[in-house]
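In what follows, a single structure is set out as structure tokens and then discussed.
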Amino acid sequence: MNSFFTALVNPAFPFLQNALLASLLASVLFGILGSVVTVKRIAGLAGAISHAVLGGIGMALYLSSTRLVPFITPMAGAIIFAVLSALIIGIVSIKAKQREDTVINAIWAIGMSLGVLFLAKTPGYRDPTSYLFGNILLVSRQDLVLLAILDVVVLILVWRFYPQLEASAFDEEFARVRGVPTNLVFLIILGITAIAVVLLQTFVGIVMVIAMLTLPAATAGYIGRNLAGMMILSWIFSSIFSFAGLAVSWHYDLPSGAVVVVLSGAVFLGTTAIRMLVLRYQKRRGVTP
């Protein structure tokens with residue numbers, strides 16, 4: 001691992017320093033938004049949004065390459081598709097709960113299929129794997145600035161509206177009775193998650209972003225006593241997994257995003273197994289958990 005730390009402080013490898021900073025900035029979003037997504041049990045919604053993003057990326061690449069809309073960028077296209085998907089899913093979830101699963105699956109499939117079709121008709125070769133699985137070593141200074149801005153926005157919103165967020169996350173009916181606009185809170189959560197997904201896909205890619213929004217938060221859920229504690233622990237876990245994954249991937253020449261997710265998954269599964277054994281032991285001893 002010495003080679004990783006040596007390269008990290010070497011000015012000749014600025015991309016590695018950018019990657020480390022990006023992983024730490026992304027951990028803020030993984031920790032905070034991941035906790036909310038996990039507690040509200042909307043991982044499926046976030047997954048549909050993250051996969052629908054490919055449609056926006058493919059559309060933007062096609063429009064810019066064919067000069068129909070030369071100024072559009074893949075990120076702009078991704079944000080358009082992500083926000084539209086979030087609004088559609090959110091409105092359907094609020095107005096027609098029984099149709100939610102169908103709409104989620106439809107947006108998931110249609111978004112990815114449109115992305116593949118647009119990429120197929122885009123002049124020149126476009127490799128979708130770079131968008132599906134990401135490459136944190138290619139993170140730019142602009143990506144870092146956008147991640148930092150979104151981190152600040154999310155932190156301010158959570159600090160300002162934490163009571164409403166916590167009430168809405170754990171018991172919507174109670175929150176609604178107390179005057180919390182739960183539908184608006186839900187739509188805002190989906191909207192911010194959609195934008196975060198677009199930025200985070202640079203880190204671990206579209207396919208893996210949903211894993212990092214759930215695994216650290218799910219691990220933290222075994223320890224955290226409330227939503228705030230879960231957010232902080234998930235933030236810490238995400239930072240540790242990201243740093244360790246980056247170091248391991250550098251040392252063994254492996255895709256960094258995949259390594260981060262595998263480490264996160266291994267810790268989550270290990271924690272789950274230990275918890276099951278502890279609960280079984282307590283049950284045999286007649287101890288109430």
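Values for this structure:
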read-out: Subset of segment 250-265 that is without any contact (Cβ under 8 Å) to a residue 24 or more places away in the chain and in a helix (DSSP H, G or I) - its residue that is surrounded by the most Cβ atoms within 10 Å (Cβ to Cβ); value: V259
read-out: Exclusive hit being under 22 Å from I188 (Cα atoms), free of Cβ contacts under 8 Å to residues at least 24 places away in the same chain and in a helix (DSSP H, G or I), set I79, I88, I107, I94; value: I88
read-out: Residue among L25, L61, L8 that alone is at pLDDT below 90 and buried (at least 22 other Cβ atoms within 10 Å of the Cβ); value: L61
read-out: Failed criterion for M1 (all others in (1) modelled with pLDDT under 80; (2) of a type in the set (A, V, I, L, M); (3) within 23 Å of V158 (Cβ to Cβ) hold); value: (3)
read-out: Breaking point among (1) over 28 Å from W235 (Cβ atoms); (2) among the charged types (D, E, K, R); (3) surrounded by 17 or more Cβ atoms within 10 Å (Cβ to Cβ), for K95; value: (3)
read-out: Condition check for S35: farther than 24 Å from I110 by Cα and either out of contact with any helix residue (DSSP H, G or I) (no Cβ under 6 Å at 6 or more places or on another chain) or part of a helix (DSSP H, G or I) (or both); value: yes
read-out: Criterion (surrounded by fewer than 22 Cβ atoms within 10 Å (Cβ to Cβ) and either in contact (Cβ under 8 Å) with a residue 60 or more places away in the chain or outside any helix (DSSP H, G or I) (or both)) met by exactly one of A196, A220, A148; value: A148
read-out: Tally of residues being surrounded by fewer than 19 Cβ atoms within 10 Å (Cβ to Cβ), among the β-branched types (V, I, T) and under 23 Å from the mean Cα position of the chain (by Cα) across segment 159-193; value: 1
read-out: Hits in segment 69-92 - residues which are buried (at least 17 other Cβ atoms within 10 Å of the Cβ) and either within 17 Å of T182 (Cβ to Cβ) or of a type in the set (D, E, K, R) (or both); value: A86, I89, G90, V92
read-out: Check on R41, within 22 Å of T182 (Cα to Cα) and not in a helix (DSSP H, G or I); value: yes
read-out: Qualifying residue in segment 131-146 (condition: within 18 Å of the chain's Cα centre (by Cα), farther than 16 Å from A60 by Cα, modelled with pLDDT of 85 or more and small (G, A, S)); value: no
read-out: Hits in segment 200-221 - residues which are modelled with pLDDT under 90 and over 13 Å from I32 (Cα atoms); value: L200, Q201, T202, F203, V204, G205, I206, V207, M208, V209, I210, A211
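Listed here are the residues, each with its yes/no results for (1) surrounded by fewer than 22 Cβ atoms within 10 Å (Cβ to Cβ); (2) part of a helix (DSSP H, G or I); (3) free of Cβ contacts under 8 Å to residues at least 12 places away in the same chain.
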site	(1), (2), (3)
Q201	no, yes, no
G229	yes, yes, yes
I232	yes, yes, no
I236	yes, yes, no
S242	no, yes, no
V248	yes, yes, no
V267	yes, yes, no
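The values are calculated or read from the model by the stated rules, or taken from the named source; none is laboratory data. Because the structure is a prediction, the values reported are computed rather than measured. Virtual Cβ from ideal backbone geometry, glycine too; neighbours counted across all protein chains shown.
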